[in-house]
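Let me begin by presenting the structure, written as structure tokens, before commenting on it.
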Amino acid sequence: ASVILLTMLGGWAVLGQQRLSPYLIPAAVGPLIIGLVFDVTLGAVVAITGSLLLGVVTGFNFPLTVVMLASGAVAAFAARDLRGRLKFIVKSFFAISLINILAIAAVEYLRQAPAGQIKQALALGPLNAALSVVLALVLLPVLEAVFRATTDYSLLELADPDQPLLKRLSLEAPGTFQHSLLVGNLAEAAALAIGANSLQARIMGYYHDA
């Protein structure tokens, strides 16, 4: 609910500026965050809910609603199985940019807009994608802290050997530390075999004796 509210606030901020195009509404932010924190299914639900609500806010603008729905749905799928911020930035940006360009081109063509107007609108697709990815990166740590949610990025930080607890374990109990690494690797392999969260299993193995 908080993520959907933030999406609505983002839409309100864009619509409040007459010089800004509605195509800049960052509808992909919510699905990106939910896809990272929870799963693709819930991210798609947020994409549908957010786009419909934003469609109401924009006066039942059907073409714009279609663009926002497409952008949000692709964002939810783009956030799947991403480990590492660079991969998240690159994959999300290109996926959202591509679907934005295709959706905007389709709705503008159906509206029989002039060629110059279509070109200007298409340029907003990558700009919207960049804005959505940046906002997601900024909001994600805040939401993780407020709601105590754990994403793969949080788990990767816990895997850092310089984490105080792991560092202390390696110095004061090196045998237990090596045992924990082995358990983590075994847990990761088992999780991969059954389709579970392998990263979470590995990190839990690291800390099981700490």
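The values are calculated or read from the model by the stated rules, or taken from the named source; none is laboratory data. Bear in mind that the values here come from a model prediction, so they are computed numbers and not experimental data. Positions of Cβ are backbone-derived with ideal geometry, glycine not excepted, and every protein chain shown enters the neighbour counts. Side chains included, ligands, DNA and RNA excluded: accessible areas come from the protein's heavy atoms. Shrake-Rupley method; radii C 1.70, N 1.55, O 1.52, S 1.80 Å.
Remarks
- Accessible surface ranking that places the most exposed of ARG80, ARG202 first, with a 1.4 angstrom probe: ARG80, ARG202
- Separation of alpha-carbon centers, the stretch 142-166 and the stretch 1-65, rounded to whole Å: 27
- Stokes-Einstein, applied to the Kirkwood radius of the chain over Cα pairs at a viscosity of 1.567 mPa s and 4 °C, places its translational diffusion at 69 µm² s⁻¹.
- Surface composition of the chain: carbon and sulfur atoms hold 68% of the protein heavy-atom accessible area at a 1.4 Å probe.
- Accessible area per residue, Å², the chain with all protein chains present, probe 1.4 Å: 55
- Computed from Cα positions, the angle between helix 2-15 and the longest principal axis of the chain comes to roughly 30 degrees.
- Each principal axis of the Cα cloud of the stretch 151-192 was taken in turn, and the coordinate range along them, longest first, works out to 31, 21, 8 Å.
- Listed residues ALA103, ALA13, ALA193, most fluctuating in the chain (Gaussian network, C-alpha, under 10 Å): ALA193
- Nearest-0.05 FRET efficiency for ARG85 and ASN185, computed from C-beta distance (R0 22 Å): 0.40
- Residue order for MET204, MET8 - accessible surface, 1.4 angstrom probe, largest first: MET204, MET8
- The slack in the chain from VAL57 to LEU5, taken as 0.36 nm per residue of separation less the alpha-carbon distance, amounts to 17.5 nm.
- Using a Förster distance of 22 Å, the FRET efficiency for LEU20-ILE48 (Cβ separation, nearest 0.05): 0.35
- Most fluctuating residue given options PRO126, PRO22, PRO161, as computed from a GNM of the chain linking Cα atoms under 10 Å: PRO161
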